[in-house]
1. Relative to the present Cα-Cα distance, how much length would full extension add between Asn133 and Val25 at 0.36 nm per residue of separation?
2. Given R₀ = 30 Å, FRET efficiency for Leu116-Glu54 by Cβ-Cβ distance, to 0.05?
3. In whole Hz, with x marking every Gly and Pro, tabulate ³J(HN,Hα) for the range 42-47 from phi via Karplus 6.51 cos²θ - 1.76 cosθ + 1.60, θ = phi - 60°.
4. Quickly rank 100-112, 58-70, 119-131 as a protection proxy: mean count of other C-beta atoms within 10 Å, highest first.
5. Given Lys84/Lys140; Lys55/Lys140; Lys68/Lys128, which pairs have Cα atoms separated by over 32 Å?
6. If you take every residue apart from Val129 with its C-beta less than 14 Å away from the C-beta of Val129, what net charge results, scoring Lys and Arg +1 and Asp and Glu -1?
7. Can you give the charge dipole size of the range 74-127 about its Cα centre, rounded to the nearest 20 debye, using +1 on the beta carbon of Lys and Arg and -1 on the beta carbon of Asp and Glu?
8. How high is the relative contact order of the range 48-141, in percent, counting Cα pairs under 8 Å that sit 6 or more residues apart?
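Computed from the coordinates by the stated procedures, all read-outs in this text should not be read as laboratory data. As the structure is a computational prediction, the values presented were derived from the model and not from experiment. Here the Cβ positions follow ideal geometry from the backbone for every residue, glycine too, while neighbour counts run over all protein chains shown.
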Amino acid sequence: RKEDKNPNRKGAELLELRAKGEGDVAVVFHFPSSDIEEFSVKIGVFSNRFPGMEKFDLILPCATFVEKKGTWTNFEGRVQKFYKAVDPVPESLEEGRILQLFSELKGIAMEWNVNLWFARFAERISLKVDFENFPPEGVKL
């Protein structure tokens with residue numbers, strides 16, 4: 001049985017994603033992190049509850065995988081596409097939209113488009129497939 005219950009941890013590792021902070025504020029998407037202890041304000045963007053959430057000062061709810069389209073990379077390194085099945089609850093947003101709002105607060109223009117973001121992900125890890133023509137069986141890295 002697999003100990004790590006976090007979907008897409010492999011994808012986050014491939015992209016070298018870690019808790020990011022500026023000044024005294026850290027923002028963490030999806031995965032609890034021990035890298036945030038030195039920050040005085042800790043913001044978490046999560047779709048589900050998990051042990052350790054009490055470390056965060058503010059939690060922003062994000063859409064779950066059934067409330068958006070995208071890809072995830074399983075623990076074996078297989079990138080798989082998923083489709084939106086239901087609309088998100090009104091309080092939650094897709095992670096890209098949350099990033100877009102944070103960027104706007106900093107005066108940075110950023111477009112949220114899953115196809116564009118996937119193209120950047122694919123380029124970063126040398127994946128030779130685009131989002132719209134993704135094979136149904138996924139792609140093994």
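1. 35.0 nm
2. 0.25
3. 10, 10, x, 10, 9, 9
4. So the peptides 100-112, 58-70, 119-131, ranked by packing, come out 58-70, 119-131, 100-112.
5. Long pairs (Cα-Cα over 32 Å): Lys55/Lys140.
6. Result for the local shell: +2.
7. 220
8. Relative contact order here is 27 percent.
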